[in-house]
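Trainee: Got a structure for you, written out below as structure tokens; questions coming shortly.
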Amino acid sequence: MLLTANTQTPLCRKSLMATDRIIRYSVIEVEPDYLDEYLPLALEVGDISMRTEPGVLAMYPTVSKEDSCKITIMEIYASQDAYKSHIASPHFQKYKQGTFHMVKSLQLLDQNPLNPDMYISSGIIPKEE
């Protein structure tokens with residue numbers, strides 16, 4: 001299955017990182033029977049979040065090469081308030097409620113930057129056909 005993000009709508013203008021920024025790895029294990037149903041929902045919430053939420057600076061989902069049911073998402077939020085706004089958004093609530101029964105395990109691993117002076121420049125670059 002080939003999954004692609006919506007590349008028609010540009011990203012919103014992004015907020016600057018605050019001192020209370022959140023850098024997190026969300027490590028998700030999906031029940032194998034739900035994987036094909038889960039992946040489009042995860043892509044959709046990430047795509048909408050990146051395009052519409054100024055405080056969502058990065059959402060970079062990856063799938064384990066060894067186990068396609070293990071998904072890790074690098075998430076970067078400009079601030080605690082940006083994160084609170086994200087989890088209260090209708091698109092996140094739709095994702096969370098729609099996938100709750102599909103998730104076998106979830107770990108939220110908060111990180112500290114090695115170089116706090118670095119910044120994130122986010123974008124979704126369309127694939128060349």
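The values are calculated or read from the model by the stated rules, or taken from the named source; none is laboratory data. Note that the structure is a prediction, hence the values are computed from the model and not measured. Note: ideal-geometry Cβ built from the backbone for every residue, glycine included; neighbour counts use all protein chains shown.
Trainee: What are the residues in the stretch 51-88 that are farther than 17 Å from Tyr25 by Cβ, at pLDDT below 95 and hydrophobic (A, V, I, L, M, F, W, C), if any?
Mentor: Within the stretch 51-88, Ala78 is the sole residue that qualifies.
This table checks each residue for (1) among the small types (Gly, Ala, Ser); (2) surrounded by 10 or more Cβ atoms within 10 Å (Cβ to Cβ); (3) at pLDDT 95 or above; (4) out of contact with any Ser or Thr (no Cβ under 7 Å at 6 or more places or on another chain).
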| site | (1), (2), (3), (4) |
| --- | --- |
| Pro90 | no, no, yes, yes |
| Ser105 | yes, yes, yes, yes |
| Pro113 | no, yes, no, yes |
| Met118 | no, no, no, yes |
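Trainee: Here's something else I'd like to know. Give just the number: which of (1) part of a helix (DSSP H, G or I); (2) surrounded by 10 or more Cβ atoms within 10 Å (Cβ to Cβ); (3) free of Cβ contacts under 8 Å to residues at least 40 places away in the same chain does Phe100 not satisfy?
Mentor: (2)
Residue-wise test of (1) within 30 Å of Met118 (Cα to Cα); (2) basic (Lys, Arg); (3) not in a strand (DSSP E or B).
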residue: Glu29; (1), (2), (3): no, no, no
residue: Tyr38; (1), (2), (3): no, no, yes
residue: Leu43; (1), (2), (3): yes, no, yes
residue: Ile73; (1), (2), (3): yes, no, no
residue: Ala82; (1), (2), (3): yes, no, yes
residue: Phe92; (1), (2), (3): yes, no, yes
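Trainee: Let me ask another. Quick one: what pairs do we get from the stretch 15-34, first residue in contact (Cβ under 8 Å) with a residue 60 or more places away in the chain, second surrounded by 14 or more Cβ atoms within 10 Å (Cβ to Cβ) and among the acidic types (Asp, Glu), C-beta under 8 Å, 6+ apart or different chains?
Mentor: Listed pairs, sorted by first residue: Ile22/Glu75; Ile23/Glu75; Arg24/Glu75; Tyr25/Glu75; Ser26/Glu75.
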